[in-house]
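This report concerns only the one structure given below.
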Amino acid sequence: MGSDLKAKFLEVYAALKSELLDDPAFEWTDDSRQWVDRMLDYNVPGGKLNRGLSVIDSYKFLQEGKELTDDEVFLACALGWCIEWLQAYFLVLDDIMDNSHTRRGQPCWYKLPKVGLIAVNDGIILRNHIPRILKKHFRGKPYYVDLLDLFNEVEFQTASGQMIDLITTLVGEKDLSKYSLPIHRRIVQYKTAYYSFYLPVACALLMSGENLDNHVDVKNILIEMGTYFQVQASDDYLDCFGAPEVIGKIGTDIEDFKCSWLVVKALELANEEQTKFLFENYGKEDPACVAKVKELYNALNLKGVFEDYESKSYEKLINFIDAHPSKAVQEVLKSFLGKIYKRQK
């Protein structure tokens, strides 16, 4: 089913794009239409599309084996694409804030010669496409207002998470004493977990006629998973313990002075001398300093500490899931869990 589903999903992208390029609220010119067309293709459908495809998977589980109608498949795909559009909007602006050079193996959109800071406005356009898609396809649905609410809320949470990340890293210049597990957790939870884990399932629940207020437990489980996912993905963890050729990218958390799980854990476990050593070497571009930090991580056995955290968090999540009264919801949650635990990449 996987490749069929992805092909169907990409077909829906083409349909949504052509609607947006003929949006009656704007008088299009050839130039503006070409610009948006190229901007969308460059920024929206790249990547693994996990978030978008999760909406369809989750909706299927919630329908408990009922064959989906073409209309249901289309709507689930459209909501999946709204999440991918949201992601594109965040990434286009994130790359400018972080002064990044590449994204998904190609130059960041704003780095293209003809784009530059026009990318800021492109971000705003990407953000505005979401309510256009929702209006066109969901306006008559009983859950329309809930969908608008959900996207607005998750966008607010993500932007607020990004803010904590930015001010923790920048303000007062490099001060490691600001970094702690609760701060790290809060950044990850808001910046990533809400839109990557909760949002796809919340879309599927709304489509299934559910009230999100009755599913706060589901939200909590998904946020917990998203937090684990980020810890596991913390580039530096994989960097120190998984070779770059395995994970396909070179993490720069140490050089970038990122509030990663590893540095927070290291600060927690380090003695006075090791703490001083971290303060001296963390966040420096010098490869020798980076190597010293990695040596310290190894000396503190962070790999073992992580594996311990992993098995405990897995057990905790499984227990939560098994306690859920709905078998269909259990299926949704287990499919997410299966995707993220023990992944190499």
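Details
- Ordering of 272-285, 150-163 by burial proxy (mean other Cβ atoms within 10 Å per residue, highest first): 150-163, 272-285
- Candidates 216, 44, 231, ranked by Gaussian network fluctuation over the chain, Cα under 10 Å, top entry: 216
- FRET efficiency, residue 37 to residue 216 (Cβ-Cβ, R0 45 Å, nearest 0.05): 0.65
- With the convex hull of its Cα atoms as the shape, the stretch 1-110 has an orientation-averaged projected area of 8.3 nm².
- Relative contact order for the stretch 76-170, counting Cα pairs under 8 Å that sit 6 or more residues apart, in percent: 27 percent
- Rolling a 1.4 angstrom probe over the stretch 35-134 with all protein chains present gives an accessible area of which 54% lies on carbon and sulfur atoms.
- Each part gets one Cα centre, and for the stretch 119-138 versus the stretch 5-19 those centres are 16 Å apart.
- Comparing mean-square fluctuations of 51, 127, 104 from a GNM of the chain with C-alpha springs under 10 Å, the top value falls on 104.
- The stretch 63-120, relative contact order in percent, only Cα pairs under 8 angstrom and at least six apart counted: 22 percent
- Length-normalised contact order of the chain in % [C-alpha pairs under 8 Å, at least 6 apart]: 16 percent
- Helix 50-62 vs. the chain, principal-axis angle (Cα, 0 to 90°, nearest 10): 60 degrees
- Nearest-0.05 FRET efficiency for residue 303 and residue 177, computed from C-beta distance (R0 25 Å): 0.50
- Low-density loop cleavage sites - trypsin sites (Lys or Arg not before Pro) in the stretch 161-221, where at most 14 other Cβ are within 10 Å (DSSP): 174
- Candidates 102, 227, 169: whichever shows maximal mean-square fluctuation once the chain is modelled as a Gaussian network with Cα springs under 10 Å: 102
- Under the shape rule built on the C-alpha gyration tensor, where the axes satisfy a ≥ b ≥ c, the stretch 101-214 is oblate, since a/c reaches at least 1.5 while a/b does not exceed b/c.
- For the chain, the solvent-accessible area of protein heavy atoms averages 49 Å² per residue (probe radius 1.4 Å; ligands and nucleic acids excluded).
- Cβ-derived FRET efficiency at R0 30 Å, residue 335 paired with residue 18, nearest 0.05: 0.45
- With the simple spin-label model, which puts each label point 7 Å out from Cα in the Cβ direction, the residue 63 to residue 128 separation comes to 3.4 nm.
- Database remark: amide H of residue 103 closer than 5 angstrom to the amide H of 108 (H placed geometrically; neighbours at sequence offset of 5 or more, or on other chains; Pro and chain starts carry no H).
- Potential extension, residue 284-residue 272 segment - 0.36 nm per residue separation minus Cα distance: 2.3 nm
- About its Cα centre, the dipole of the chain is roughly 260 debye, where the only charges are +1 on Lys and Arg Cβ and -1 on Asp and Glu Cβ.
The values are calculated or read from the model by the stated rules, or taken from the named source; none is laboratory data. Since we're looking at a predicted model, the values are computed, not measured. Cβ sites come from the backbone with ideal geometry, for glycine too, and all protein chains shown count toward neighbours. Surface accessibility is based on the protein's heavy atoms, side chains included, excluding ligands, DNA and RNA. Shrake-Rupley method; radii C 1.70, N 1.55, O 1.52, S 1.80 Å.
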